[in-house]
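The block underneath contains the structure these notes are about, expressed in structure tokens.
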Amino acid sequence: MIELDRIVLREIGLTLREPFRISSGEMRERRIILCELFDADGASCWSECVADDEPNYSPETIDTVWPTIVRVLAPRLLGKTIEGPGDVHAILEKDVRGHNMAKAALEMGCWGLTAVQANLPLSRLIGGSRERIATGISLGIQRDVHALIAKAEAAIAEGYQKVKIKIAPGRDVDWVRAVRTAVGHDAHLMADANNAYTLADAAHLARLDELGLMMIEQPLAWDDLVRHAELQRKLTTPLCLDESITSLDRAQDMATLGAGRIINIKPGRVGGFAESIAIHDFCESRGIPVWCGGMLESGIGRAYNVALASLPNFTLPGDLSPSARYWAKDVVTPEWTMDAHGMVQVPLDRAGIGVEVDRAHIDRITVRTEELRA
Ligand code: OSB
Ligand code: MG
């Protein structure tokens, strides 16, 4: 039972250790919205919103999320008696179009809170069985191909089980081929285009087929399925959809159309855990592998991703790099780490999200707060 009597919103500023460039934009300073949910019974839990400050990945930004939570979403939860976290998605979804990242921040917080109340690790509350999660790294677009090769080699030496190379026109086939040559044919490589291409590039993208990639992520428009299906028919490399999969319906459409063969599940993109689990279960029933994507989260969002990725059909390495890859200092203790085999430990020794939140550090980097009450 969830009875929220208070939600505290905060915006924090976290500086990436190095700028992260994708075909649709660049991130340096992350502005992140954190939520703290308080239940009437005294339990509380943190959650994180994955929206960025520019709308280059999805239409949402942190400046659409904040007022949407304050005016539209939080009032639907505060002071209400909710049976369980599985009911929150429907409550937030009814007659509210879009705003998945805003919805997810609250919905996931309700799952985290329920895990605290049940004295269970979040992973186990949702039925996760894995104890360790295989991890990949997502390499942003580099200054030149030499820098990219050096980063890929270093990542493989560190133990990462997958290297995702961000591509864009002019920085694609030749760069990926150079990495493949440098790291050898056994390394698990993939490319992510973040919508940089159109169907007119099909023949060019087909040149990636000979490079043995695990998949090509989201080459075409952010909300497209039909053209991805046409492209998939022209490629032997599996397409993986990210931006286009915003709900279970869209995942089903992907399967129906043959628009992709793998899904990158980001709970923030699909409105939270209930929808993520539904997509996971659907994909499992259809033999479609899934993996957990990342959005340069702080350690709080990462905790949710790690818990989600402990579900059985997350069979491919996630974008779940350790804290130190992103931040000089994360907002959680212990920070997220990875072993020499590229595995992240699922925290099973603690109820809730499994990490301690460093409130003093968060206070120092908070730029605004707002307290919402029933
Ligand atoms: O397309 O997966 C993406 C980061 C921001 C926006 C979009 C994407 C990404 C990443 C980062 O690839 C993955 C990570 O968090 O390590
Ligand atoms: Mg992506």
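The values are calculated or read from the model by the stated rules, or taken from the named source; none is laboratory data. What you are looking at is a predicted structure, and each value in this text was computed from that prediction instead of being measured. Every residue, glycine as well, gets a Cβ built from its backbone with ideal geometry; the counts of neighbours run over all protein chains shown. SASA here: full protein model, heavy atoms, side chains in, ligands and nucleic acids out. Shrake-Rupley method; radii C 1.70, N 1.55, O 1.52, S 1.80 Å.
Quick notes on this structure:
- Residue in the range 219-228 that is most open to solvent (accessible area, probe 1.4 Å), counting only those that are within 16 Å of ligand 1 (Cβ to nearest atom) and part of a loop (DSSP other than H, G, I, E, B): TRP222
- On the stretch given as the range 196-218, residues that are buried (at least 16 other Cβ atoms within 10 Å of the Cβ) and within 23 Å of ALA147 (Cα to Cα) total 9.
- When PRO289, PRO322 are checked against the criterion of being open to solvent by 10 Å² or more (accessible area, probe 1.4 Å), within 16 Å of ligand 2 (Cβ to nearest atom) and either at pLDDT 95 or above or not charged (D, E, K, R) (or both), a single residue qualifies: PRO289.
- Only a single criterion out of (1) within 12 Å of ligand 1 (Cβ to nearest atom); (2) over 21 Å from LYS166 (Cα atoms); (3) of a type in the set (Gly, Ala, Ser); (4) in a loop (DSSP other than H, G, I, E, B) is not satisfied by SER321, namely (2).
- Test: residue in the range 296-308 that is outside the structural domain of VAL72 (by TED's automatic domain parsing), open to solvent by 30 Å² or more (accessible area, probe 1.4 Å) and under 20 Å from ARG132 (Cβ atoms): no
- Residue check for PHE282: modelled with pLDDT of 95 or more, away from ligand 2 (no atom under 14 Å from the Cβ), crowded, with 24+ Cβ neighbours inside 10 Å and not small (Gly, Ala, Ser): no
- Scope the range 145-163; condition within 15 Å of ligand 1 (Cβ to nearest atom) and either acidic (Asp, Glu) or touching a Pro at 6+ places or on another chain (Cβ under 9 Å) (or both); matching residues: GLU158, TYR160, GLN161, LYS162
- Number of positions in the range 1-25 that are assigned to a strand (DSSP E or B), within 16 Å of ligand 2 (Cβ to nearest atom) and touching a residue at least 60 places away in the same chain (Cβ under 8 Å): 3
- Test for ARG368: is it farther than 25 Å from GLY140 by Cβ, assigned to a loop (DSSP other than H, G, I, E, B) and basic (Lys, Arg): no
- Selection count where residues are acidic (Asp, Glu), farther than 16 Å from GLY112 by Cβ, assigned to a loop (DSSP other than H, G, I, E, B) and open to solvent by 60 Å² or more (accessible area, probe 1.4 Å), scope the range 26-59: 1
- GLU158 meets each of the listed conditions (1) out of contact with any strand residue (DSSP E or B) (no Cβ under 9 Å at 6 or more places or on another chain); (2) surrounded by fewer than 17 Cβ atoms within 10 Å (Cβ to Cβ); (3) touching a residue at least 40 places away in the same chain (Cβ under 8 Å) apart from (1).
- Filter pass, ASP249 being within 16 Å of ligand 2 (Cβ to nearest atom), open to solvent by 30 Å² or more (accessible area, probe 1.4 Å) and without any contact (Cβ under 8 Å) to a residue 24 or more places away in the chain: no
- Candidates VAL176, VAL116, filtered to the one that is within 16 Å of ligand 2 (Cβ to nearest atom) and assigned to a helix (DSSP H, G or I): VAL176
- A single entry from ILE141, ILE165, ILE126, ILE149 fulfils the requirement of being open to solvent by 10 Å² or more (accessible area, probe 1.4 Å) and free of Cβ contacts under 8 Å to residues at least 60 places away in the same chain: ILE149.
Residue-wise test of (1) within 13 Å of ligand 1 (Cβ to nearest atom); (2) closer than 22 Å to ALA193 by Cα; (3) over 20 Å from the mean Cα position of the chain (by Cα); (4) not charged (D, E, K, R).
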residue	(1), (2), (3), (4)
GLU18	yes, yes, no, no
SER23	yes, yes, no, yes
SER58	yes, yes, no, yes
ARG76	no, no, yes, no
THR81	no, no, yes, yes
ALA102	no, no, no, yes
THR114	no, no, yes, yes
LEU120	no, no, yes, yes
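- Single unsatisfied condition, ASP186 versus (1) within 15 Å of ligand 2 (Cβ to nearest atom); (2) open to solvent by 30 Å² or more (accessible area, probe 1.4 Å); (3) among the acidic types (Asp, Glu): (1)
- ILE137 vs. criteria in a loop (DSSP other than H, G, I, E, B) and either within 16 Å of the chain's Cα centre (by Cα) or within 16 Å of ligand 1 (Cβ to nearest atom) (or both): no
- Selection over the range 63-95 of residues that are open to solvent by 20 Å² or more (accessible area, probe 1.4 Å), closer than 20 Å to ARG10 by Cβ and not hydroxyl-bearing (Ser, Thr, Tyr) gives a count of 6.
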